[in-house]
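In what follows, a structure is listed as structure tokens, so that the remarks can point back to it.
The values are calculated or read from the model by the stated rules, or taken from the named source; none is laboratory data. On a predicted model such as this, the values are computed, not experimentally measured, just so you know. Quick reminder, even Gly has a Cβ in these numbers, built from the backbone with ideal geometry, and neighbours come from all protein chains shown. Ligands, DNA and RNA are stripped out before the accessible areas are found, and what is left, the full protein with its side chains, is counted by its heavy atoms. Shrake-Rupley method; radii C 1.70, N 1.55, O 1.52, S 1.80 Å.
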Amino acid sequence: MIETIVALMMYLGDKMIEHSYKPSLSECLAVKRKIERHSPPGGNSYVKCGLVKAKTYVDKHGIKRVEEIKND
């Protein structure tokens, strides 16, 4: 299903290398802060929260997953 969701996205340089669904912007920002606190300074990777259009599915454990983020 394609829907607008809050996603936590990890970038290496300008290329997205990982993404995950978050139920709210506040939860996404909390996870982002934890990642930034434990990451070494000066790297070329970063994380970002945002509203995105994505193809999602629910796995066998009932957890919503992002299959792909649409660039429309």
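Expressed as a whole percentage, what fraction of the accessible surface of the chain belongs to carbon and sulfur atoms when a 1.4 Å probe is rolled over the protein heavy atoms?
Details: 2790 of 5310 Å².
The C+S portion of the solvent-accessible surface of the chain is 52 percent.
Couplings for region 58-69, taken from phi via the Karplus curve 6.51 cos²θ - 1.76 cosθ + 1.60 with θ = phi - 60°, read 10, 6, 5, 9, x, 9, 6, 10, 9, 7, 7, 9 Hz in order; Gly and Pro are left as x. The trypsin sites (Lys or Arg not before Pro) of region 1-71 that meet both conditions, a loop assignment by DSSP and at most 11 other Cβ atoms within 10 Å of the site Cβ, are Lys60, Lys70.
Applying the Karplus relation 6.51 cos²θ - 1.76 cosθ + 1.60 with θ = phi - 60° to region 5-21 yields 3J(HN,Hα) values of 9, 8, 10, 9, 10, 10, 10, 10, x, 10, 9, 6, 10, 7, 8, 8, 6 Hz, where x marks Gly and Pro.
Leaving ligands, DNA and RNA out of it, rank Tyr46, Tyr11, Tyr21 by accessible area with a 1.4 Å probe, largest first.
From most exposed to least exposed: Tyr46, Tyr21, Tyr11.
Helical content alone sets the calculated 222 nm signal of the chain at -5500 deg cm²/dmol, taking -39,500 (n - 2.57) per DSSP H segment of four or more residues and averaging over every residue.
Here's the list of aspartates and glutamates a cross-link from Lys15 could span, going by alpha-carbon distance under 17 Å and ignoring same-chain residues fewer than 8 apart: Glu67, Glu68, Asp72.
If you sort Met10, Met1 by accessible surface, 1.4 Å probe, largest first, the order is Met1, Met10.
If contacts are Cα pairs under 8 angstrom and at least 6 residues apart, what is the relative contact order of the chain in percent? Computed value for the chain: 37 percent relative contact order.
3J(HN,Hα) couplings calculated from phi for region 27-39 with the Karplus curve 6.51 cos²θ - 1.76 cosθ + 1.60 (θ = phi - 60°) are, in sequence order, 5, 4, 5, 5, 5, 4, 4, 4, 4, 5, 5, 9, 9 Hz; Gly and Pro show x.
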